[in-house]
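Novice: One structure coming up, written as structure tokens, with questions to follow.
Read-outs throughout are calculated quantities, based only on the coordinates presented, and are distinct from any laboratory measurement. Predicted model, so just to flag it, every value in this text is computed and none were measured. We place every Cβ from the backbone using ideal geometry, glycine too, and count neighbours over all the protein chains shown.
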């Protein structure tokens with residue numbers, strides 16, 4: 001057996017009760033054998049004592065070989081067992097035995113290293129070697145995030161505490177006073193100052209007809225002067241709803257969704273009574289889209305209107321488009337003719353839409369020219385056109401149902417002035433006084449805006465509409481707009497493109513993509 005210090009000792013830290021009992025029994029047997037051997041040795045060395053016990057020498061001699069043989073076997077067994085035992089170094093302390101019963105079937109084994117045997121060095125893996133670099137990157141990223149957060153907090157505090165931000169609002173935005181600049185109206189019109197004398201005249205005309213409820217909005221495109229008499233009031237639209245329908249049609253033409261020569265088929269559900277002649281044609285009649293749009297405006301054909309509404313996606317899509325234009329009161333609720341008056345609009349929204357078209361916001365300038373040419377050929381001219389002077393031109397659309405009469409359009413004055421008039425009158429059923437009221441308002445407006453002492457720069461005066469007194473001109477506090485260059489300038493009120501009188505308007509050359517053949521016009 002080698003020296004204790006040269007071995008690695010493995011001891012049982014925990015043993016089961018059965019093993020402990022077996023070891024205890026073995027130790028008891030070993031102790032008994034040792035005691036018997038010692039007794040036999042003492043007996044051999046002292047024969048005299050054995051004789052005194054009453055036994056003769058021969059008996060003892062016979063017993064000794066047996067005892068010696070047994071002792072030899074026991075000594076051999078002890079030697080084998082001792083060679084199998086573990087030799088524990090004196091430097092190693094024994095493990096304390098557990099006090100209670102062991103739980104579980106597998107004992108816990110401890111490995112003790114004998115001094116003198118150095119521990120073998122284990123080289124780290126590649127992952128372990130890369131871990132410090134990853135930790136450095138992680139720490140740097142954390143520091144960066146913390147730095148950004150601290151910078152944001154400090155910047156916010158500095159911006160709050162900065163004395164420059166504590167200047168009072170009045171010092172940044174001084175109170176707005178009346179100035180010659182033209183404010184932008186929410187409807188899209190650029191207006192400057194209300195024309196008070198003209199408004200007074202219109203109110204007087206309305207007061208003379210108490211059974212009529214008028215709504216009037218007039219705007220001078222060049223100067224921004226305007227008149228608003230219940231302009232935001234909702235009225236039944238009647239056929240004036242065809243103006244936004246035509247704008248939507250031309251908008252889709254500009255986008256390439258519809259061609260002017262595209263064929264539309266008249267279906268049974270589109271046929272409507274009232275004005276127009278398509279209702280007399282058989283179902284299945286095919287017409288070009290430009291013909292349908294022209295009939296809708298020139299002869300106010302209700303069947304043509306329903307055909308275009310269907311082609312444009314229906315009333316819901318059209319109403320959504322109207323709202324995108326800023327028209328909150330304009331909506332289609334029922335197909336034409338809508339004698340109940342469920343379709344609605346207001347004088348100001350119609351004027352705003354015409355102004356947008358005039359300045360090229362919604363449709364191209366070529367489509368604008370086409371729209372004005374169609375509206376110029378309106379066959380009904382007993383409302384707005386009846387109040388105009390010689391040489392004036394109206395690009396307009398009328399609306400007429402039993403309870404409402406209206407006319408809205410762009411007026412071209414021979415002097416070069418251009419204005420928009422939108423007049424709607426709620427009336428008793430088919431009351432003829434409504435048409436006379438529209439004529440009177442149109443005549444008063446034309447007389448006031450076209451008079452020679454009313455300069456086209458937009459300044460107004462207080463000259464009465466009658467000639468009973470000498471006019472006293474009073475300059476108004478807004479500036480004179482200059483003529484816009486051909487490239488266009490959004491700073492001029494309502495983006496007036498030019499001051500060429502529209503009374504001398506020349507239609508574009510006949511082009512199959514824009515106009516139907518002459519034989520199809522009405």
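Novice: With a 10 Å radius around each residue's Cβ, average the other Cβ atoms per peptide and rank 131-138, 302-309, 247-254, highest first.
Specialist: Final packing ranking: 302-309, 247-254, 131-138.
Novice: Let me ask another. Evaluate the distance, in nm, between pseudo-label points positioned 7 Å from the Cα of residue 317 and of residue 379 along their respective Cα→Cβ axes.
Specialist: Using points 7 Å along Cα→Cβ, the separation is 3.0 nm.
Novice: Mind checking the full-extension length gain between residue 261 and residue 366? Use 0.36 nm per residue of separation minus the Cα-Cα distance, one decimal, nm.
Specialist: Taking 0.36 nm per residue and subtracting the Cα distance, the gain is 36.2 nm.
Novice: Ranking 407, 369 by Cβ neighbours within 10 Å, fewest first, what do you get?
Specialist: 369, 407
Novice: In nm, to one decimal, how far is the modelled label at residue 310 from the one at residue 285, with both set 7 Å along Cα→Cβ?
Specialist: For the pair residue 310/residue 285, the computed spacing is 1.4 nm.
Novice: Oh, and also: What is the gain in length, in nm to one decimal, between residue 148 and residue 39 on full extension, counting 0.36 nm per residue of separation less the C-alpha to C-alpha distance?
Specialist: Length gained, residue 148 through residue 39: 29.9 nm.
Novice: What full-extension length gain, to one decimal in nm, is calculated for residue 138 and residue 32 as 0.36 nm per residue of separation minus the Cα-Cα distance?
Specialist: Stretched fully, the residue 138-residue 32 segment lengthens by 31.0 nm.
Novice: Compute the distance in nm between two label points, each set 7 Å from the Cα along the Cα-to-Cβ direction, one at residue 277 and one at residue 208.
Specialist: Label at residue 277, label at residue 208, 3.8 nm between them.
Novice: Also: Sort 349-355, 388-394 for me by packing, meaning the mean count of neighbouring Cβ atoms within 10 Å per residue, highest on top.
Specialist: Those peptides, ordered most packed to least, come out 349-355, 388-394.
Novice: Rounded to the nearest 0.05, what FRET efficiency do residue 390 and residue 196 have when you use their Cβ-Cβ distance and R0 = 22 Å?
Specialist: Between residue 390 and residue 196 the formula returns 0.20.
Novice: For region 304-428, what does the alpha-carbon gyration tensor say about shape, rounded, prolate or oblate, given a ≥ b ≥ c as the root eigenvalues, a/c under 1.5 as rounded, and a/b over b/c as prolate?
Specialist: Taking the square roots of the gyration eigenvalues as a ≥ b ≥ c, region 304-428 is oblate.
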